[in-house]
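Just below is one structure, and these are the notes that go with it.
The values are calculated or read from the model by the stated rules, or taken from the named source; none is laboratory data. The structure displayed is predicted, hence computed values, not measured ones. Here the Cβ positions follow ideal geometry from the backbone for every residue, glycine too, while neighbour counts run over all protein chains shown. Surface accessibility is based on the protein's heavy atoms, side chains included, excluding ligands, DNA and RNA. Shrake-Rupley method; radii C 1.70, N 1.55, O 1.52, S 1.80 Å.
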Amino acid sequence: MATYDTTNQPPPFENINLYTANPSLTRAVAAFGGAAGGAALKAYGEWAGSAATIASGRLANANPPRLIGVDQRGNRRDEVMFHPAYHGFMAHGFAHGVHCSGYAPGGGPAGDGAQVVRSARINMLSQVEAGHVCPLTMTHAAIPALADEAAGTPAAERWLSRIFSREYDARLAPAATKTGVSLGMGMTENQGGTDVRANDTSARKAGDAYVIDGQKWFMSAPMCDAFLVLAQAQGRLTCFILPRFDEDGRRNGLEFQRLKDKLGNRSNASSEVVFNSARAFRLGEEGRGVQTIIKMVTQTRLDCATSAAGIAYQALAQAIYHARYRHVFQKALVDQPLMQSVLGDMALDVMAATAAATRLAASFDRAAANEAEAAYRRILTPAIKYWVCKLAPRIAVEAMECLGGNGYIEDFPLALIYREAPLNGIWEGPGNVMALDLLRAAFREPEAVEAVIGGLVTATNGHAAARQAAADIAAALKAGEGQARLAAERLALLAAFAAMVEADDPFAEAFAQSRLGGKYAASYGAAAEGHAEALIDAVMPPV
Ligand SMILES: Cc1cc2nc3c(=O)[nH]c(=O)nc-3n(C[C@H](O)[C@H](O)[C@H](O)COP(=O)(O)OP(=O)(O)OC[C@H]3O[C@@H](n4cnc5c(N)ncnc54)[C@H](O)[C@@H]3O)c2cc1C
């Protein structure tokens, strides 16, 4: 028997198709080359938004992984134990190719908008269980780095061919005995993360391999079968592939010190690791480690932006759902003019972020065959990662407030979303690093930057706000480091506007007017004037 009647509290937000309920995503996928994947994404959206999947995501986060460093007799185990819910997500991800589908076996583009379709999956996955996206992302991102070295490096060829299996094999066992493998990345050391040149992990040549000694302060997904790591070979930063097991089946010298106790992303393990005479194989030339691993990092940065767009969408969807149900002062919250302004203004950013991240994914599909798209990918990856990742925590905190007190309570989804939201902005290069990357591109290849910006203005049909933005970006880039964030943000806003125009988004004009010109306040609620209701229905149609 109920203690009292529960009224005015919405039922759980579940059994929603996360693909069809998100018109910005479906529109962008179709506009940017992913139409062939539409039916598969619809089925995927059904799975991702189901009550069962949401419950599994919560289980995986409530039961974080545990490191078994040594066994009861003192022998090293270095094994990480995960909740079955986590393994369920990994198996599903492998079956749907989230760890490999942007590429064809061999490492070339998979075609048919494969990166766009995959990015839609990352968007949806991040809404329900972002932790396991980390190893799926890193495995996928290792492909371009391995592919470029496969011809001259047997180890690269071996690992590349293993990645394309659709079977997840969670066992800690030699890769040659497994039906599927995952790959991670170790760059960040205790004394230097962004400044990788401060890395002092060493690599000593030994036959056809190298012996690695040193540490990594962050190395996520430590149960991966191999890692791309940076180490100094004769004082020159070099990239290596470092397997968990030697090819002869013996355990390699990786010792995990501990797992990080993280704010969010708790279903995923992030380790501190010591390399104790670990055997590894060189990828690329000695001294060109950054140039090799950046191919992996560029791809992971796309996933950061895509994942942040998904997290922002889920936060807003929760807020709209709540506001449609909850009544205050005899009206549904969603009909209160001020709440409409807040939700409508947030919707503009979420729609724009979705369009921008999906357009960026398309440039990864097209870059191999088109120099302009390769320049788009190079120059806009840091800018779009910068802006979309800054956006997600803002949306999460505002959405939390829309749920009132419930928003702050762990039983509701906003608490988990809020803790997850800042991470994409930190890993794979925090905001300043993205802004400085853009600045470096403007210095090294000014004509390419100018051409990309010109292309964005053309895509908006020469819109006056876009032309003004282009001038602002050029001035900010010229001003140097102090204005680099302004340049990155403006460039991302321009790219988002262009993507909305290309995708026929009915609110492209409203976005340009508020974000590139006009009225825009630091907190949401000022910019949706005149279209607030329509925006709310556009970002999440009522069901
Ligand atoms: C949960 C989690 C998992 C991770 N997993 C991995 C992993 O698997 N593999 C891996 O290699 N790393 C991993 N990382 C590390 C992550 O990539 C780094 O933390 C990040 O790149 C920043 O490096 P740092 O921590 O050394 O900070 P620092 O490099 O010290 O940066 C600190 C601050 O200084 C700013 N900054 C840096 N340089 C400049 C400059 N020239 N001018 C102005 N500002 C600057 C940065 O923007 C940042 O705000 C993980 C991190 C987290 C939180």
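Tabulated values for the structure
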| quantity | calculated |
| --- | --- |
| The lone exception for residue 199 - which of (1) open to solvent by 10 Å² or more (accessible area, probe 1.4 Å); (2) over 22 Å from residue 261 (Cβ atoms); (3) modelled with pLDDT under 95 it fails | (1) |
| Sole residue being surrounded by 20 or more Cβ atoms within 10 Å (Cβ to Cβ), over 20 Å from residue 149 (Cβ atoms) and among the β-branched types (Val, Ile, Thr), chosen from 273, 229 | 273 |
| Residue under evaluation residue 396, criteria (1) out of contact with any Gly (no Cβ under 6 Å at 6 or more places or on another chain); (2) open to solvent by 40 Å² or more (accessible area, probe 1.4 Å), criterion not met | (2) |
| Condition broken by residue 543, with the remaining ones in (1) among the β-branched types (Val, Ile, Thr); (2) under 30 Å from residue 321 (Cβ atoms); (3) surrounded by 23 or more Cβ atoms within 10 Å (Cβ to Cβ) satisfied | (3) |
| All positions within the range 478-489 that are more than 16 Å from the ligand (Cβ to nearest atom) and closer than 18 Å to residue 378 by Cβ | none |
| Single residue of 450, 428, 410, 509 found to be within 21 Å of residue 381 (Cβ to Cβ), open to solvent by 50 Å² or more (accessible area, probe 1.4 Å) and charged (D, E, K, R) | 450 |
| Filtered residues of the range 301-339 (kept if among the basic types (Lys, Arg) and surrounded by fewer than 24 Cβ atoms within 10 Å (Cβ to Cβ)) | 324, 326, 331 |
| So residue 298, is it at pLDDT 95 or above and open to solvent by less than 10 Å² (accessible area, probe 1.4 Å) | no |
| Residues of the range 267-279 that turn out to be more than 10 Å from the ligand (Cβ to nearest atom) and of a type outside the set (A, V, I, L, M, F, W, C), as a count | 5 |
| All positions within the range 41-63 that are closer than 20 Å to residue 120 by Cα, open to solvent by 50 Å² or more (accessible area, probe 1.4 Å) and touching a His at 6+ places or on another chain (Cβ under 8 Å) | 47 |
| Which numbered condition residue 204 misses (of (1) within 13 Å of the ligand (Cβ to nearest atom); (2) assigned to a strand (DSSP E or B); (3) out of contact with any helix residue (DSSP H, G or I) (no Cβ under 9 Å at 6 or more places or on another chain)) | (1) |
| Filtered residues of the range 276-295 (kept if surrounded by fewer than 16 Cβ atoms within 10 Å (Cβ to Cβ) and among the polar types (S, T, N, Q)) | 276, 277, 291 |
| Scope the range 205-221; condition under 16 Å from residue 190 (Cβ atoms) and surrounded by fewer than 21 Cβ atoms within 10 Å (Cβ to Cβ); matching residues | 213, 215, 217, 218 |
| The range 14-40 - residue that is of a type in the set (S, T, N, Q) and in a loop (DSSP other than H, G, I, E, B) and, of those, most open to solvent (accessible area, probe 1.4 Å) | 15 |
| Failed item in (1) away from the ligand (no atom under 15 Å from the Cβ); (2) open to solvent by 10 Å² or more (accessible area, probe 1.4 Å); (3) not in a loop (DSSP other than H, G, I, E, B), with residue 247 passing the rest | (3) |
| Filter result (open to solvent by 30 Å² or more (accessible area, probe 1.4 Å) and under 19 Å from residue 359 (Cα atoms)) within the range 464-497 | 489, 490 |
| Matching option when the condition is farther than 30 Å from residue 416 by Cα and within 16 Å of the ligand (Cβ to nearest atom), among 150, 110, 145 | 145 |
| Number of positions in the range 426-459 that are more than 9 Å from the ligand (Cβ to nearest atom) and in a helix (DSSP H, G or I) | 22 |
| Pairs where the first residue, in the range 321-343, is assigned to a helix (DSSP H, G or I) and the second is charged (D, E, K, R), C-beta under 6 Å, 6+ apart | 333/326; 334/324; 340/533 |
| Filtered residues of the range 517-540 (kept if open to solvent by 10 Å² or more (accessible area, probe 1.4 Å) and within 26 Å of the chain's Cα centre (by Cα)) | 522, 523, 524, 538, 540 |
